[in-house]
Amino acid sequence: MKTYLVTGGAGFIGSNFIKYLFNKYKEREIKVINLDNLTYAGNLENLREIESKEDYKFIKGNICDKNLLESIFIKNDIDYVINFAAESHVDRSIEEPEIFVKTNIVGTQNLIDSAKKHWQIENEFIRGKRFIQVSTDEVYGSLGNEGYFTEETSLSPHSPYSASKASADLIVKAYFDTYKMPINITRCSNNYGPYQFPEKLIPLLINNCLKHNEVPIYGDGRNIRDWLYVEDHCSAIDLVVSKGRLGEVYNIGGNNEKENIYIVEYIIKILSYMIKDMNINDKLIRYVKDRKGHDRRYAIDASKIKVELGWKPRHNFEEGIISTIDWYLKNRNWLQNVTSGQYEKYYSKMYLDKVSR
Ligand code: NAD
Ligand code: DAU
């Protein structure tokens, strides 16, 4: 039996990953400990279907809490750490960078250091252990009209979020270079799918349309992101855990570059077909102030993980987006719960700021 310590497992990708593991592996093959301090983005609702499993355990706590990490490693023989825990939203990092430094940099260093301490016998790492840092393509910065990010592209982050993720990557790599710590770093492009918090473009757009609120597009709407269905990100991480070469970085992406305006118009069109009586149409689109330091284009070259590990995405965008929209339509209560209270206040303040030119 392999024991995973998944951090940030109550968030969007982490919760999808935990469910992916329980779907893929048989009972008694794996045990999952989910460590999450349930920020606004963490939600135990995301894990209802697996919470009663014998081999699943939730611990509410912060990756910055060294004593807690120490006790988790003492009580459990952890084989794999998969570090999803992070502050993940670029707009928030522009407003409040400090928490990004704490969680994404200091938290990651605490976590890798606890793992290092418990995974060595007489300065040798025990075989089979692995620390996966779930990073992002944003660490590479922004592309012009041509070219792709490869694992060799130099790091050039622009937002406090991406700078904090790049810093964490360098720390994790330093643990490999210095101590031969068994690590991998994965850098994925934009994910979409069920359980994504509706501050991110796709669920925000669906949520706003369902409430017949305006959909804000930053700047000219021509920024490009490379979209991947979340389950394909999970399958890539799972492969890196089992087959990735130690110390290596793996880019993950869907070869699915789209301008933001294309995404917005496309989803509005689908929603207008699916819900006839709500008058959802392009008139909901509102161009607003651009994001500060807005990266223009991301595009991933994922040939390394494809060739070396045999990964390929199973979902194309058209099919992935339909199941995503369908999920949000069937889970309006979830949307309602996560957007009420604090989030509503945050969103209206941010929205007012964006529309006031
Ligand atoms: P998310 O914001 O939905 O979830 C983050 C989770 O981390 C939440 O459950 C939150 O409660 C938890 N968390 C935050 N701070 C914590 C702390 N100090 N201690 C313990 N738990 C904490 O984020 P996501 O979109 O699921 O992203 C997960 C990871 O994947 C992040 O590291 C992000 O940088 C990376 N990533 C995201 C994308 C994407 O498109 N969403 C793409 C590539 C990489
Ligand atoms: O590339 C991977 C990254 O993708 C992850 O590391 C981040 O955690 C994740 O948040 C995401 O970052 P982005 O900034 O690309 O995602 P976001 O959904 O915030 O924005 C996508 C694009 O849409 C971006 O160009 C900004 C634009 N946008 C976003 C929002 C929320 C709008 O035009 N209007 C909006 O309301």
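Throughout, read-outs are computed from the coordinates displayed, never taken from laboratory work. None of the values given here were measured: they were computed from a predicted structure. Counting neighbours? That spans all protein chains shown, and the Cβs are built from the backbone with ideal geometry, glycine included.
Going out from 0 in 5 Å bins, what whole percent of all Cα-Cα distances in the range 75-153 drops into each bin?
3, 12, 18, 17, 16, 15, 10, 6, 3, 1, 0
Express in whole angstrom the spacing between the alpha-carbon centres of the range 146-165 and the range 44-91.
If we compute the Cα centre of each part, the gap is 27 Å.
I'm a student and want to see the number: the projected area of the Cα convex hull of the range 1-110, averaged over all directions, in nm².
For the range 1-110, averaging the hull's shadow over all directions gives 6.7 nm².
Could you give the size of the charge dipole of the chain about its Cα centre, using +1 on the Cβ of each K and R and -1 on the Cβ of each D and E, expressed in debye and rounded to the nearest 20?
In total the dipole reaches around 340 debye.
Set the Förster radius R0 to 45 Å, insert the Cβ-Cβ distance between Ile322 and Lys102 as r into 1/(1 + (r/R0)^6), and round the FRET efficiency to 0.05.
0.70
Starting from the Cα of Lys283, move 7 Å in the Cα-to-Cβ direction to define the label point; list residues of the range 200-229 whose amide nitrogen is under 17 Å from there.
209-216
Identify, among Val230, Trp311, Val240, the residue whose Cα sits farthest towards the positive end of the charge dipole of the chain, taking +1 on the Cβ of Lys and Arg and -1 on the Cβ of Asp and Glu, with the dipole about the Cα centre.
Final value for the positive-end residue is Val230.
What trypsin sites (Lys or Arg not before Pro) does the range 34-130 have in DSSP loop regions with at most 10 other beta carbons within 10 Å?
Passing sites in the range 34-130 are Arg127.
Using all C-alpha to C-alpha distances in the range 20-72, build P(r) with 10 Å bins and read off the rounded percent in each one.
21, 47, 30, 2
For the residue pair Lys26 and Met274, what label-to-label distance in nm results when each label sits 7 Å from Cα along the Cα-to-beta-carbon direction?
3.7 nm
For a label point 7 angstrom out from the Cα of Arg222 toward its Cβ, which stretches of the range 291-311 have the backbone nitrogen within less than 16 Å?
So the set is 291, 294-298.
Top mean-square fluctuation among Val241, Val307, Val249, Gaussian network model of the chain, C-alpha springs under 10 Å?
Largest GNM mean-square fluctuation: Val307.
Taking the convex hull of the alpha carbon atoms in the chain, what volume per residue do you get, in Å³?
Enclosed volume per residue, from the Cα hull, is 131 Å³.
Determine the calculated [θ] at 222 nm for the chain from helices alone, applying -39500 (n - 2.57) to every DSSP H run no shorter than 4 residues and normalising by the residue count; nearest 500 deg cm²/dmol.
So the helix-based figure for the chain works out to -12500 deg cm²/dmol.
Quick one: Debye curve from the alpha-carbon atoms of the range 213-357 only, equal weights, vacuum; give me log10 I(q)/I(0) at q = 0.18 Å⁻¹ to two decimals.
The Debye formula, applied to the Cα set alone, gives -1.22.
Restricting to Cα pairs below 8 Å that are 6+ residues apart, what does the relative contact order work out to for the range 1-112? Please round to a whole percent.
The normalised contact order for the range 1-112 reaches 33 percent.
Using a 7 Å offset from the Cα along the Cα-to-Cβ direction at both Lys180 and Arg48, what is the distance between the two label points in nm, to one decimal?
If labels sit at Lys180 and Arg48, their model points lie 4.9 nm apart.
Please give every one of the lysines within straight-line cross-link reach of Lys26, meaning a C-alpha to C-alpha distance under 22 Å, and leave out same-chain neighbours fewer than 8 residues apart.
Lys2, Lys53, Lys57, Lys129, Lys243
Mind jotting down the three principal axis lengths of the range 200-270 based on Cα atoms? Whole angstrom, largest first.
Taking max minus min along each principal axis of the Cα atoms, the range 200-270 gives 48, 23, 17 Å.
For a quick check: sort Met278, Met350 by the number of other beta carbons within 10 angstrom, fewest at the front.
Met278, Met350
Taking neighbour Cβ counts within 10 Å as the exposure measure, how do Glu151, Glu122, Glu318 sort from fewest upward?
Glu122, Glu318, Glu151
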